[in-house]
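Input: a single structure, listed below in structure tokens.
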Ligand code: BGC
């Protein structure tokens, strides 16, 4: 009954008819005709994005709850400033129901129709980072790093399709997702928002995200939304690992590691892009015309909207110190290639932009091209059109929850399983403790109901923590509610319970956080969690460690103390059930690490390292010694690889390709999924080659005894590198291929 009410309320939202309502989308000529009639103020407005807090009741960051429109403030924003876009919930604070969203969004469109001179609709953008995290009862999916751990691009496409669907059900057409920054700095507070460290894996996940969000059409179909690739470029690789601090990245590195995901998304038609808040090589990206115009527009051919990140034009003055005042900052950012400013808390940018245009300092043609791109985005999203009524019966449905469960279950990664402790078939009595044992927030991470994801007020009702899910199993579960207090007195009050148990499950976690609040100075697991494991070790029971971290926290001090390790990433609302199902064997884990898990805090070498990084102090080539390798993950069954073959041992012509095949067999006793990973190595090159790089992969499911032959095609162009002249070329020579412990090679002429 309640669901029905929400669906019909949402329909009202879609019935709002824009002032310039069309039966067909506008043509480019229509858009230019519209721009011709617009005043300077109207154009500057289209290039402005405000936070909801500016037009909501209450003061910014002290808004009345639930948030709702202050009509006087909205009138000012539309009538005087002609604003083109609004974002998020005010101050990143809280999750609203469909009905509350409906009221906000219909007010925005109603007052826009009433007060707007040009009738151009306002486009609403939101961080739907892992599902519609700002809509109550919406479906939350595992975070991006957990999505990547599935190594299942088709499954991840469904996640983005469902997210787009639930966004449209809420009335929101523009998603500030996916994060396409490559996770090669594990200290970074937003590591969990990436698809991991590898270009090949991240590119495949990028394609899933863009196609899933936007569909194959123009996202006008009311079931898809505009994607926003972020944060262009090099945001994830600051030297210190702290958020928004300097990155020093050579052009070869940029092109090799950080650009390919963006290129992939642009080639697939991603509609919008958000700029990196930080700086590369001493230049804030918001003023870098070489990146935002030369590379992005001229070389990559991006035609969509470039939006700044939060307050970033002001930060050019206040933090980066590359502009003396607001006017200079606006001038530099717009000239570098920005189309829209996420200002977002006042009209200072809009006023400065109007001044600069009126003073003739900014070319009108430069402004018009941005306004065109913004209006075209709105047109592509169907905002000018009278759309047919749609219903969204799958919003927050059990079908979407099942999808979230499936993703989490394919993501959960078994890193250690001494003597096949897991699954706990014969174990009946568990002692459970640790910071994530009874916390939905720890499973969800940041961008969950609130920006930092710490507030428990809005947690999805009915979702189970790890503890609750274990309690529903046939285990007898004892639990230390306050593990820190229990630890202080050596678990005295739990001594009996622990002694009676046959296994201890310790659930470690990082407090949810992102951006600057998530900065840390040491990747090592906090001391209290190390000591938690050490003190429980004294009881001599086998320990299962469950890790829900924002980034790979160093666990080398305790790794040998535990019998099994389940790496859970941030699995979200279904994570509790999935972890319990992994522990009792209801699911067979098939996740693989999408990053190299470091053993030491200062030894952050990636699997696709250079040969020099293998050189040890005794001159042996064994220095690469991560805690767990990229692509690693155990199963409750065993797989055997055989017969690695290549169709031809030489490639002669530019368009040549070879086929690589391998046989894989499930030699264990239960069905399981395995990721077949093909690695390539360029043996000698003009720039130092990587020891190996992932070339392609496929996830297969095999019944006990079942065998399959897997094939991969390799083209000559797939063996390329970025050479000393920064050109992408394939150089002649020998190339080696590896699948599991099998090798083959070819010669490229
Ligand atoms: C983040 C972006 C996000 C934006 C809007 C910024 O602080 O860096 O990723 O999309 O806020 O919430």
task: Kindly identify region 655-716 as rounded, prolate or oblate by the Cα gyration tensor criterion: order the square roots of the eigenvalues as a ≥ b ≥ c, call it rounded if a/c is under 1.5, otherwise compare a/b with b/c, prolate if a/b is larger, else oblate.
output: prolate
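So for each of 273-280, 375-382, 35-42, 564-571 I average, over its residues, the number of other beta carbons within 10 Å; can you give me the resulting order with the highest mean first?
Details: 273-280: 25.0, 375-382: 23.4, 35-42: 15.1, 564-571: 28.4.
Highest to lowest by the protection proxy: 564-571, 273-280, 375-382, 35-42.
Equivalent ellipsoid semi-axes for region 263-396, as square roots of 5 times the alpha carbon gyration tensor eigenvalues: give them largest first, rounded to whole Å.
Semi-axes (√(5λ), whole Å): 28, 18, 16.
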statement: From DSSP H assignment alone, runs of 4+ in the chain each adding -39500 (n - 2.57), the sum over residues rounded to the nearest 500 puts [θ] at 222 nm at -8000 deg cm²/dmol
- request: Any chance you could give the angle, 0 to 90 degrees and rounded to 10, that helix 398-411 forms with the longest Cα principal axis of the chain?
  value: 50
- prompt: Relative to the first principal axis of the alpha-carbon coordinates of the chain, what is the inclination of helix 98-115, with its axis defined by its Cα atoms, in degrees from 0 to 90 and to the nearest 10?
  reply: 20
message: Considering only C-alpha atoms, what is the centroid distance from region 388-460 to region 332-369, in Å?
response: 44
query: Among rounded, prolate and oblate, which fits region 430-523 when a ≥ b ≥ c are the square roots of the eigenvalues of its C-alpha gyration tensor, a/c under 1.5 means rounded, and a/b larger than b/c means prolate?
result: oblate
statement: For the chain, longest principal axis from Cα atoms; helix 199-214 axis from its Cα atoms; angle between them, nearest 10 degrees, is 50
- prompt: Within the chain, what percent of beta bridges assigned by DSSP are antiparallel, to the nearest 5?
  reply: 55
message: For a protection proxy built on the mean count of beta-carbon atoms within 10 angstrom, sort 442-450, 101-109 highest first, please.
response: 442-450, 101-109
query: What do you get when you divide the Cα radius of gyration of region 489-585 by 2.2 N^0.38 Å, with N the number of residues?
result: 1.15
- prompt: In what sequence do 679, 134 fall when counting other Cβ within 10 Å, fewest first?
  reply: 679, 134
message: In 5 Å bins starting at zero, report the fraction of Cα pairs in region 232-277 per bin as a rounded %.
response: 5, 21, 26, 23, 16, 7, 1
- prompt: What span do the alpha-carbon atoms of the chain cover on each of the three principal axes, reported in whole Å from largest to smallest?
  reply: 74, 67, 48
message: Which log10 I(q)/I(0) values does region 27-186 give at q = 0.13 Å⁻¹ under the Debye formula, counting every alpha carbon as one identical point scatterer?
response: -0.70
message: Just want the ordering: 630, 372, from fewest to most Cβ atoms lying within 10 Å of their own Cβ.
response: 372, 630
message: Which of rounded, prolate or oblate describes region 203-352 when judged by the alpha-carbon gyration tensor and an a/c cut-off of 1.5?
response: oblate
task: Taking the convex hull of the Cα atoms, report for region 336-399 its projected area averaged over all directions, in nm².
output: 7.6
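If one computes P(r) from the Cα atoms of region 591-675, what percent of pairs lie at distances over 20 Å?
60
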- prompt: Taking one equal scatterer on every alpha-carbon of region 507-648, how large is log10 of I(q)/I(0) by Debye at q = 0.09, 0.14, 0.16, 0.17 1/Å?
  reply: -0.36, -0.84, -1.04, -1.14
query: How do 310, 451, 174, 248 rank when sorted from fewest to most other Cβ atoms within 10 Å of their own Cβ?
result: 248, 310, 451, 174
query: For region 603-633 and region 489-566, what is the separation of their Cα centres, given in Å?
result: 26
- prompt: Given the C-alpha centroids of region 104-133 and region 728-746, what is the distance between them in whole angstrom?
  reply: 52
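Read-outs throughout are calculated quantities, based only on the coordinates presented, and are distinct from any laboratory measurement. Worth saying up front: this structure is predicted, and the values here are computed from it rather than measured. A quick note on method: Cβ atoms are made from the backbone with ideal geometry, for glycine too, and the neighbour counts reach across all protein chains shown.
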